[in-house]
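Asker: Sending over a structure as structure tokens; questions will come in a sec.
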Amino acid sequence: MTRSRLSVVLGGVLAAVVSLAHGGAGAADQALTIALTPSRDPTALQEAGDAFAKTLTRLSGLPVRAQVASDYAGVVEALRSRRVDLAFVHPVGYVLANREAGCQILVRDIWQGKVAYTARFYVRKDSGIQRLEELRGKTVAFVDPASSSGYIYPMVLLMKKGLVKDRDPKSFFKEALFAGTHEVALRSVLTGRVAAAVSFDKAPELHLKDPALIAQLSFVAETPEIPEAGICARPGLPADAVARIRRALLAIKGPEHAALLKQLYDIDGFTEAEDRDYEPVRDAMALMGLGRPK
């Protein structure tokens, strides 16, 4: 979910160009295409996305279809190349989409009654690890280089504590890998593949579900709050279409749409959002050497 060639890390994200299956508003039926961030099982997410697109079509009066991108970078690249028109974007993804593609945030997720969350460093309870500093020389699973809770914010926390040098996780950890999804990262801890995993505060409940598995985890550090994810629109869309989509999104809420929202990203609905809501994310990215928008 990217802008100028600002660093090796960002360059790697930009290189992960994903080929999405269909085009956007240029398609014969003029349907708007909404891209979904692949933060959970792609097959189940596509099914939920199809149902969401159907509801959005009914409420907005505009044809909408859904696609799941292969990775975070693919969402931004698809927006930049105008192969999709709308996208679910995590916080860093929105900043990148705004910078690389000129996209504007439409709405912000409401999740468990909140519009912000945190990232945590998870370990097995039986590992004996109780402090972040005790992870020195051990292995860690991040999620994705462009993930807010799965990389950017945790790295900023490590840097501010003086544990990571030169933005290199291997200056503190023995090994740092990218799991690709939050669930895989958490399961890597449970299986002993890594000593710690980074994910958002409610990830165990959302992705593991099994109370017995959740009970095996604890966390040793937590980041400041991160503004919730949201949905953005690429530039060039008719203003009337954007306004209709925004109104429809704000109308998708419980109790009528609770089951749909839970199936999609386990959210409660959407609220109004502005670009300035994501200034703290831009600040975190700047510390990571990913630059600020020009």
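No value in this document is a laboratory result; all are computed from the given coordinates. All of these numbers come straight from a predicted model, not from anything done at the bench. Virtual Cβ from ideal backbone geometry, glycine too; neighbours counted across all protein chains shown.
Asker: Would you please give the FRET efficiency between ASP283 and ARG58, computed as 1/(1 + (r/R0)^6) with r the Cβ-Cβ distance and R0 = 41 Å, to the nearest 0.05?
Answerer: 0.55
Asker: About the Cα centre of the chain, what is the dipole size in debye to 20, counting +1 per Lys and Arg Cβ and -1 per Asp and Glu Cβ, all else neutral?
Answerer: Dipole size: approximately 560 debye.
Asker: Rounded if a/c is under 1.5, else prolate if a/b beats b/c, else oblate: with a ≥ b ≥ c from the C-alpha gyration tensor eigenvalues square-rooted, which is region 129-200?
Answerer: On the way: a/c = 1.75, a/b = 1.21, b/c = 1.44.
Oblate, because a/c is 1.5 or more while a/b does not exceed b/c.
Asker: Can I ask one more? Set Lys and Arg Cβ to +1 and Asp and Glu Cβ to -1, take the dipole of the chain about its Cα centre, and tell me which of ALA48, ALA35, TRP111 lies farthest positive.
Answerer: Going by the charge dipole, the pick is ALA35.
Asker: Additional query: For a quick check: with amide H placed at 1.01 Å from N, whose amide H comes under 5 Å from TYR117's, ignoring anything fewer than 5 positions away on the same chain?
Answerer: Hits under the 5 Å cutoff: ILE226, GLU228.
Asker: For the chain, which semi-axes, largest first and in whole Å, follow from the square roots of 5 times the eigenvalues of its Cα gyration tensor? Write out the running numbers ahead of the final one.
Answerer: On the way: eigenvalues 205, 91, 50 Å².
Taking √(5λ) for each Cα gyration eigenvalue gives 32, 21, 16 Å.
Asker: Would you kindly derive the ³J(HN,Hα) couplings of region 165-179 from the backbone phi angles with the Karplus curve 6.51 cos²θ - 1.76 cosθ + 1.60 (θ = phi - 60°), listing them in order in whole Hz, with x for Gly and Pro?
Answerer: With the stated coefficients, region 165-179 comes to 10, 6, 6, 10, x, 6, 6, 10, 8, 5, 9, 10, 10, 10, 6 Hz.
Asker: Residue by residue through region 118-125, which ³J(HN,Hα) values in whole Hz follow from phi under the Karplus form 6.51 cos²θ - 1.76 cosθ + 1.60 (θ = phi - 60°), with glycine and proline marked x?
Answerer: 10, 10, 9, 9, 9, 9, 6, 4
Asker: Apply 1/(1 + (r/R0)^6) to the Cβ-Cβ distance of GLN30 and LYS262, taking R0 = 25 Å, and write down the FRET efficiency to the nearest 0.05.
Answerer: Numbers: r = 30 Å, r/R0 = 1.22.
Approximately 0.25, to the nearest 0.05.
Asker: Further question: In sequence order, what are the phi-derived ³J(HN,Hα) couplings for region 43-58 according to the Karplus relation 6.51 cos²θ - 1.76 cosθ + 1.60 with θ = phi - 60°, rounded to whole Hz, with x for glycine and proline?
Answerer: 5, 5, 5, 5, 4, 5, x, 4, 5, 5, 4, 4, 5, 5, 4, 5
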